[in-house]
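Chemist: Please see the structure below; I have some questions.
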Amino acid sequence: AKAKFPQIKTIEGFDFSFQPSIPEAFIKELAELSFIGKAENVLFLGPPGVGKTHLSIALGLKACEKRKRVLFTYANELIEQLMAARVNGSFGKKLQILGRLELLIIDELGYLPINKEGANLFFQLISKRYEKGSIIISSNKPFEEWGEIFCDDVIASAILDRLLHHSHIIAINGPSYRTKEKMGATSNN
Ligand code: ADP
Ligand code: MG
């Protein structure tokens with residue numbers, strides 16, 4: 001409850017055969033959490049419904065079981081909180097709290113654009129955690145389009161530079177699990 005997962009999802013409950021572009025053995029290796037000890041990041045990229053949030057939560061739960069300090073956030077909520085903290089003078093404190101986590105999960109980066117102020121504060125957060133604590137980020141947008149997410153190519157490449165230096169990238173392409181029944185029904189006709 002403390003980590004604020006929106007649902008409970010597990011590695012065991014993930015059907016890897018449905019999504020062959022996901023490297024099953026590698027995900028199971030990540031679930032052993034040595035990436036957290038090394039402050040490495042994990043990036044899940046891909047279209048909606050392919051399991052990005054599911055796997056992020058599953059890895060986060062494993063970390064909670066090992067008593068790691070974990071927080072699950074949505075990118076837009078996180079940015080809103082950073083901007084609010086900036087306004088009321090608690091940004092330094094907020095950065096410190098977020099900096100102390102062993103795993104910060106940021107979901108749904110890219111669905112909503114982030115303004116220049118938000119991008120700037122987000123960059124400070126990424127810098128704060130760089131080589132100190134792990135981040136899992138999920139995004140529907142390839143790196144080439146992150147300039148659009150942050151409305152600024154320079155800040156986007158500074159963010160990517162730090163995020164990617166020690167990172168594992170899981171690029172997923174395949175059908176949405178959410179619509180699999182409907183799609184199956186259509187293609188069988
Ligand atoms: P994304 O975050 O990539 O949009 P989700 O992880 O939220 O997608 O997946 C959508 C729904 O489908 C969730 O309920 C998730 O648990 C389920 N799901 C997705 N892929 C799989 C899979 N391969 N096996 C089992 N459930 C899956
Ligand atoms: Mg998702």
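The values are calculated or read from the model by the stated rules, or taken from the named source; none is laboratory data. Note that the structure is predicted; figures quoted are calculated from it, not measured. Reconstructed Cβ throughout: ideal geometry from the backbone, glycine too, with neighbour counts over all protein chains shown. The area values use the complete protein model at the heavy-atom level, side chains included, leaving out ligands, DNA and RNA. Shrake-Rupley method; radii C 1.70, N 1.55, O 1.52, S 1.80 Å.
Chemist: Using alpha-carbon positions, what is the distance between the centroids of the range 87-126 and the range 34-83, in Å?
Modeler: Measuring centre to centre over Cα atoms gives 14 Å.
Chemist: How big is the charge dipole of the range 19-62 about its Cα centre, in debye rounded to the nearest 20, if each Lys and Arg gets +1 on its Cβ and each Asp and Glu gets -1 on its Cβ?
Modeler: Using Cβ point charges on Lys, Arg, Asp and Glu, the range 19-62 gives about 100 debye.
Chemist: Once the dipole of the range 34-188 is set up with Lys and Arg at +1 and Asp and Glu at -1 on Cβ about the Cα centre, which of 164, 51, 101 lies farthest towards its positive end?
Modeler: 101
Chemist: Now for a different question. Applying 1/(1 + (r/R0)^6) with R0 = 22 Å to the Cβ-Cβ distance of residue 179 and residue 151, what FRET efficiency is obtained, to the nearest 0.05?
Modeler: The value I calculate is 0.10.
Chemist: Next question. Apply the Karplus curve 6.51 cos²θ - 1.76 cosθ + 1.60, θ = phi - 60°, to the phi angles in the range 83-92 and return the couplings in whole Hz, x for Gly and Pro.
Modeler: For the range 83-92, the Karplus curve yields 5, 5, 5, 4, 5, 8, x, 10, 4, x Hz.
Chemist: A further question follows. For labels at residue 169 and residue 115 in the simple 7 Å Cα→Cβ model, what's the distance in nm?
Modeler: Result: 3.1 nm between the two label points.
Chemist: Given a cut-off of under 8 Å on Cα pairs at least six residues apart, what relative contact order in percent is computed for the range 34-188?
Modeler: In percent, rounded to a whole number, it is 38.
Chemist: Still on this model: So how exposed is residue 164, as accessible area in Å² (1.4 Å probe, rounded to 10)?
Modeler: Near enough 50 Å² of accessible area.
Chemist: Using a Gaussian network model of the chain with C-alpha springs under 10 Å, which one of 63, 158, 119 is most mobile by mean-square fluctuation?
Modeler: Answer for the Gaussian network model of the chain: 158.
Chemist: Shifting gears a bit: Got a number for carbon plus sulfur as a percent of the range 1-52's accessible area, 1.4 Å probe?
Modeler: Its accessible area is 55 percent carbon and sulfur atoms.
Chemist: Tally Lys and Arg at +1 and Asp and Glu at -1 over the other residues with C-beta under 13 Å from the C-beta of residue 93: what net charge comes out?
Modeler: Working: positive: 86, 94, 100, 128; negative: none.
In short, +4.
Chemist: What does the charge count around residue 143 come to, taking other residues whose C-beta lies under 14 Å from its C-beta (Lys +1, Arg +1, Asp -1, Glu -1)?
Modeler: Summing Lys/Arg as +1 and Asp/Glu as -1 gives -3.
Chemist: So if each residue of separation counts as 0.36 nm, and I subtract the Cα-Cα distance between residue 10 and residue 81, what length gain in nm does that give?
Modeler: 22.8 nm
Chemist: Mind checking the per residue accessible area of the range 34-188 for me, 1.4 Å probe, whole number of Å²?
Modeler: For the range 34-188, the per-residue accessible area is 49 Å².
Chemist: Next question. How large is ³J(HN,Hα), in whole Hz, for each residue of the range 140-147 in order, when computed from phi with the Karplus curve 6.51 cos²θ - 1.76 cosθ + 1.60 and θ = phi - 60°, using x for Gly and Pro?
Modeler: 8, 10, x, 3, 4, 9, 5, x
Chemist: Would you kindly derive the ³J(HN,Hα) couplings of the range 14-26 from the backbone phi angles with the Karplus curve 6.51 cos²θ - 1.76 cosθ + 1.60 (θ = phi - 60°), listing them in order in whole Hz, with x for Gly and Pro?
Modeler: For the range 14-26, the Karplus-derived couplings read 9, 8, 5, 5, 6, 10, x, 6, 8, x, 4, 4, 5 Hz, x marking Gly and Pro.
Chemist: With charges only on Cβ, +1 for K and R and -1 for D and E, what is the dipole size of the range 34-188 about its Cα centre, in debye, rounded to 20?
Modeler: In total the dipole reaches around 760 debye.
Chemist: Moving to a separate point now. As a check on your grasp of the helix formula, calculate [θ] at 222 nm for the chain: sum -39500 (n - 2.57) over DSSP H runs of n ≥ 4, divide by the residue count, round to the nearest 500.
Modeler: Helices in the chain give a 222 nm mean residue ellipticity of -13500 deg cm²/dmol.
Chemist: Let me ask another. Sticking with the crude label model, points 7 Å out along Cα→Cβ, report the distance from residue 144 to residue 69 in nm, one decimal please.
Modeler: Distance between label points: 4.0 nm.
Chemist: Further question on the same structure: Taking all protein chains as present, what is the carbon and sulfur share of the accessible area of the range 53-162, in % to the nearest whole number, probe 1.4 Å?
Modeler: Details: 2580 of 5170 Å².
Carbon and sulfur together cover 50 percent of it.
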